[in-house]
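A.B. asks: Below: one structure in structure tokens.
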Amino acid sequence: MKRTARTAGAALLAACAALATTPFAAAQTPGQPQAQAAMKDADGKSLGTVTLTQFPQGLLIHAELDGLKPGWHAVHIHENGACAPNFAAAGGHFNPGGGKHGMDTAPMHAGDLPNFLVDAGGKGGFQFLSHAVTLGDGPASLFKPGGTAFVVHAQADDYTSQPAGASGDRVACGVIAKP
């Protein structure tokens, strides 16, 4: 049993090392279930893509974005697969477990994710591993009826204000879809 645990641990460490050195390549691992969200601003301008890859250890969420205002931004998974003008159609945060907003609450919204930084040139990205959502079946599935979407906000999430973290206007949106 110890040898199996060591082998599994070594494989997980190797996978983490690969993710740290080649994040986008890891996000495009053939044979793993995937989804994407084409992110656009309110004018319909393409800002980049969020790629999701399901692994046994969780859902890898990877984004490379360009065209956002410099500074810290919140990103959340929202409950509706719709991006209408001002992105209100995306609804609230994806919350199948009925949790509260914030990164240190239990249970928390499944759609709550860490803030990310956009540089002076408007480029930013992120890579997170989530255990709260899945591309598989069940209540945490991002392919629920009606779909889900990523929304980028104008400001950082404070992780305490209810129900959405005082993160400001919705500045970008992308519906999560199978490629």
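The values are calculated or read from the model by the stated rules, or taken from the named source; none is laboratory data. Quantities reported herein were computed from a predicted structural model and do not represent experimental measurements. In this analysis, Cβ positions are derived from the backbone assuming ideal geometry, glycine residues included, and neighbour counts consider all displayed protein chains. Calculation scope for accessible area: heavy atoms of the full protein, side chains included, ligands and nucleic acids excluded. Shrake-Rupley method; radii C 1.70, N 1.55, O 1.52, S 1.80 Å.
A.B. asks: Report the FRET efficiency, 1/(1 + (r/R0)^6), for A89 and K123, where r is their Cβ-Cβ distance and R0 is 22 Å, rounded to 0.05.
C.D. replies: For A89 and K123, the calculated efficiency is 0.20.
A.B. asks: Could you compute the FRET efficiency for A38 and D158, with r as their C-beta to C-beta distance and R0 at 30 Å, rounded to 0.05?
C.D. replies: For R0 = 30 Å, the calculated efficiency reads 0.60.
A.B. asks: Further, regarding this structure: In the range 120-159, what percent of the accessible surface is made up of carbon and sulfur (1.4 Å probe, ligands and nucleic acids excluded)?
C.D. replies: Exposed carbon and sulfur together represent 58 percent of the surface.
A.B. asks: Keeping all protein chains in place and using 1.4 angstrom, which order do C83, C173 fall into by accessible surface area, from largest down?
C.D. replies: C83, C173
A.B. asks: ³J(HN,Hα) across the range 145-152 via Karplus (A = 6.51, B = -1.76, C = 1.60, θ = phi - 60°), whole Hz, x for Gly/Pro?
C.D. replies: x, x, x, 9, 8, 8, 10, 9
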